[in-house]
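A quick write-up on the structure given underneath.
The values are calculated or read from the model by the stated rules, or taken from the named source; none is laboratory data. Note that the structure is predicted; figures quoted are calculated from it, not measured. Ideal geometry is used to build each Cβ from the backbone, glycine not excepted, and the neighbour counts take in all protein chains shown.
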Amino acid sequence: MDSSVGHTFGLEVDGVTIKQITEVSGLTMEQDVIELKENTAAGKYVIKKLPGRPKAGQVVLTRGLTDDTSFEKWIKDSRFGKMPDARKSGAVVVYDHNNTPLKRYTLTNAWPSKLEIGTLKAGDTNVLTEKLTVTYEEMAPA
């Protein structure tokens, strides 16, 4: 088996790991690009690109609906303005087929900005999901 294939995903926050995550999207590390326009000593016009400030990001975590209320508890703190309690550092963890951590992406000052429950439809045989959008100030591979 290819060890680089992510079979399951987890979110670690405050020492608690939520392992039922089936999809992670939007996990990015980005920074501004600054254009420096100048003339060389020979009079040639050049544009140089320089690294700028890092950008904050958002990641969307999807899992099948369970009786675990971790997502709901976390989002309640941010909805009621308890940002010191809501802002957390943690990590998105990729597990291989043996459930061994393969890769870790740390999130700094992360907080949940949206919780979306999948479509509720009587008689539907699809798995009901919940999606948590987590806003973070910085992401780094660990």
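Observations on the structure shown:
Yes or no, residue by residue, for (1) crowded, with 17+ Cβ neighbours inside 10 Å; (2) modelled with pLDDT under 90; (3) in contact with a Leu (Cβ under 6 Å, 6 or more places away or on another chain):
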site: Y45; (1), (2), (3): no, no, no
site: R63; (1), (2), (3): yes, no, no
site: K82; (1), (2), (3): no, yes, no
site: V94; (1), (2), (3): yes, no, yes
site: N98; (1), (2), (3): no, yes, no
site: R104; (1), (2), (3): no, no, no
site: T108; (1), (2), (3): no, no, no
site: V127; (1), (2), (3): no, yes, no
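- Whichever residue in region 65-95 is under 11 Å from V13 (Cβ atoms) and not in a strand (DSSP E or B) and, among such residues, is farthest from the chain's Cα centre (by Cα): K73
- Residue within region 44-67 that is closer than 15 Å to T17 by Cα and small (G, A, S) present: no
- Here region 96-142 is the region considered, the condition is being among the charged types (D, E, K, R) and assigned to a strand (DSSP E or B), and the residue that is nearest to K76 (Cα to Cα) is K114.
- All positions within region 69-78 that are surrounded by 12 or more Cβ atoms within 10 Å (Cβ to Cβ) and either over 21 Å from S25 (Cα atoms) or of a type in the set (S, T, N, Q) (or both): S70, K76, D77, S78
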